[in-house]
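Just below is one structure, and these are the notes that go with it.
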Amino acid sequence: RAGSPLDYPEGVVRFNKQQKAYVIGAPGGVYALSAVCTHLGCITRFLSDEKCIACPCHGSRFDLEGNVIHGPAPRPLQWLEMQVDATGTLLVDTSVTIPHGRIFKA
Ligand code: FES
């Protein structure tokens, strides 16, 4: 559960520790990004000053769409399935990955 879509104006990045995922506001919608580094699985961190995602283990960096800025991470962070329930609450399904760049429009 990640709150209301209205909680995510463009540029807002929230980390959900339990789901190990970021929920990020984008133009016209929202998307969820796995926080699990694609190198060896450490949990990344959002650096608000630099507006990027960094891995503390071996220094990989990702942009806010999960693209690798520099390695050793071999692949982008995974985009995750989102839905809204009957109450309008956003749900992130960390077990389902979706194509990179598919913005969820609630
Ligand atoms: Fe993230 Fe190695 S696990 S850079």
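Phe104 meets the stated requirement of being within 13 Å of the chain's Cα centre (by Cα) and in contact (Cβ under 8 Å) with a residue 60 or more places away in the chain.
Which of the residues belonging to the range 61-106 are small (Gly, Ala, Ser) and either more than 17 Å from Ala21 (Cβ to Cβ) or at pLDDT below 95 (or both)?
Gly71, Ala86, Gly88, Ser95, Gly101, Ala106
Residues in the range 77-96 that are touching a residue at least 40 places away in the same chain (Cβ under 8 Å), farther than 15 Å from Asp7 by Cβ and of a type in the set (S, T, N, Q): Gln78, Thr94.
Within the range 78-85, can one find any residue that is open to solvent by less than 60 Å² (accessible area, probe 1.4 Å) and within 14 Å of Val36 (Cα to Cα)? Yes, there is a match, as at least one residue in the range 78-85 is open to solvent by less than 60 Å² (accessible area, probe 1.4 Å) and within 14 Å of Val36 (Cα to Cα).
Checking each residue in the range 1-39 for being part of a loop (DSSP other than H, G, I, E, B) and of a type in the set (Asp, Glu) picks out only Glu10.
Working carefully through the options Ile53, Ile24, find the one that is of a type in the set (Val, Ile, Thr), open to solvent by less than 50 Å² (accessible area, probe 1.4 Å), more than 16 Å from the ligand (Cβ to nearest atom) and touching a residue at least 24 places away in the same chain (Cβ under 8 Å). Step through it out loud before you land on a result.
Details: Ile53 fails: more than 16 Å from the ligand (Cβ to nearest atom).
The unique qualifying residue is Ile24.
Considering only residues that are at negative phi and of a type in the set (Lys, Arg), which ones fall in the range 2-51? The answer is Arg14, Lys17, Arg45.
Filtering the range 80-100 to residues that are over 12 Å from the mean Cα position of the chain (by Cα) and in a loop (DSSP other than H, G, I, E, B) leaves Asp85, Ala86, Thr87, Gly88, Thr89, Pro99.
The values are calculated or read from the model by the stated rules, or taken from the named source; none is laboratory data. Given the structure is predicted, the values throughout are model-derived calculations rather than measurements. Please note: Cβ atoms are built from the backbone with ideal geometry, for glycine as well, and neighbour counts cover all protein chains shown. Surface areas here come from the heavy atoms of the whole protein model, side chains and all, with no ligands, DNA or RNA. Shrake-Rupley method; radii C 1.70, N 1.55, O 1.52, S 1.80 Å.
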